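So the structure is just underneath, and the comments pick up after that.
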Number of protein chains: 2
Amino acid sequence: MANHVDRILEQWHSEKPDLDVSPMAVIGRLTRAAVAVESRLAKTFARHALDSASFDVLATLLRSGAPYRIAPVELARDAMISTSAVAQRLNKLETRGLVSREANPNDGRGTLVALTESGRELIEAALPDHVETEHAIIATLSVEEQANLAVLLQRIHEAACS
Amino acid sequence: MANHVDRILEQWHSEKPDLDVSPMAVIGRLTRAAVAVESRLAKTFARHALDSASFDVLATLLRSGAPYRIAPVELARDAMISTSAVAQRLNKLETRGLVSREANPNDGRGTLVALTESGRELIEAALPDHVETEHAIIATLSVEEQANLAVLLQRIHEAACS
DNA sequence: TATTGTTATACTCTATAACTATA
DNA sequence: TATAGTTATAGAGTATAACAATA
């Protein structure tokens, strides 16, 4: 089965033979692979009544270690979104009792987002399931191929940001 | 400069030493690379008063070749979105005079989306600029590395869909 | 009956602006 | 003055459902 990206390249070759569209072979596959992976991961999140954004907040709190408390501004930097977007994500999680907000003892302006017992249980249950899904996706690659892919993606990332 | 993904892996290692989080090294970088690339491409699209979705529709029409006419249902399959989402994208493009809708002579139920003169000019101008941006991003990789990366991404894509 | 296409509607996610409070 | 955080608001994008028309 010829894949989608190949068909697109063939179309460009007949329509614009002088245009070097070879970058699309990589970037087209990068985009599609990322979409497919996100979609697959979303299914695992949904099994735990989570979406990608909520999982991200809870996982960030969990991996920060005890006492599982982070300032919203940290979460915003981490996820590269506005502090307003963070506040709205937190509202949803707080309504569900998965996180709570406390005053920051070191900064009167600040807040600390805390993982509740219920939030802790949920993310502890979802995490191994998530890792297993990721494992299933990359298991088709050997360890060397995985390392190679990570390096190439890192370089693409840096090139895109420069 | 240690990168973000490495920091996340280190945190997991201290917090959950028994969990094999090695898949995150690949999938984390895949997601972040895709986001960075999309963001970079968006800047080029914006210079031509386009967004990714609009560019996609116009480019699909252009590479289909003369007479530059496609049924909406084809566009939906291509972009993997609902026909309703296509209709709404087309409304925007039609308002701007970049595409027009005609009756499909072969199917009374159907419509053909046609690239207008104005739409043709716009996409012909944006395309080389877009390809140049993609070229700038992947130029850090040798031809062999590009081919290798494409193969690895293809396999990740297939694994994620299975 | 199934397919094509559109609109109305609602939902989600986000950023901007305005505001409060503290550093 | 700058920073932290929240809410109100508006905008973009999407899918679902309802509908009309043709196969």
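Here, each number is a calculation from the coordinates, and none is a lab measurement. The structure presented is a predicted model; accordingly, all values stated were derived computationally and were not measured. In this analysis, Cβ positions are derived from the backbone assuming ideal geometry, glycine residues included, and neighbour counts consider all displayed protein chains.
Based on the alpha-carbon gyration tensor of segment B:1-47 and its eigenvalue square roots a ≥ b ≥ c, which shape applies: rounded if a/c is under 1.5, prolate if not and a/b is larger than b/c, or oblate? It is prolate, given that a/c is not under 1.5 and a/b is the larger ratio. Shortest first, B:Ala103 label-point distances to identical copies amount to 7.3 nm, with the label point at 7 Å from Cα along Cα→Cβ. Per residue of peptide A:11-24, the mean number of Cβ atoms on other chains within 10 Å of the residue Cβ is 5.
Shielding by partners for peptide B:136-145, expressed as the average number of C-beta atoms from other protein chains within 10 Å of each residue's C-beta, is 5.
Here the average projected area of the convex hull drawn through the C-alpha atoms of segment B:2-93 stands at 8.9 nm². Residue of chain A with the Cβ closest to the rotation axis carrying A onto B, and that distance rounded to whole Å: A:Ala34, 2. Two numbers describe the Cα atoms of chain A: Rg and Dmax, which are 20.4, 66 Å.
The other copies place their B:Thr140 label points at 2.5 nm from this one, listed shortest first, where each point is 7 Å from Cα along Cα→Cβ. Pairs of Lys residues in the protein assembly as shown, spaced 8 or more positions apart or belonging to different chains, with C-alpha separations under 25 angstrom: 4 in total. One quarter of the convex hull surface built on the alpha carbon atoms of the protein assembly as shown amounts to 19.6 nm², the projected area averaged over directions. Label-to-label distances for B:Cys161 across copies, nearest first, come out at 3.1 nm, using points 7 Å from Cα in the beta-carbon direction.
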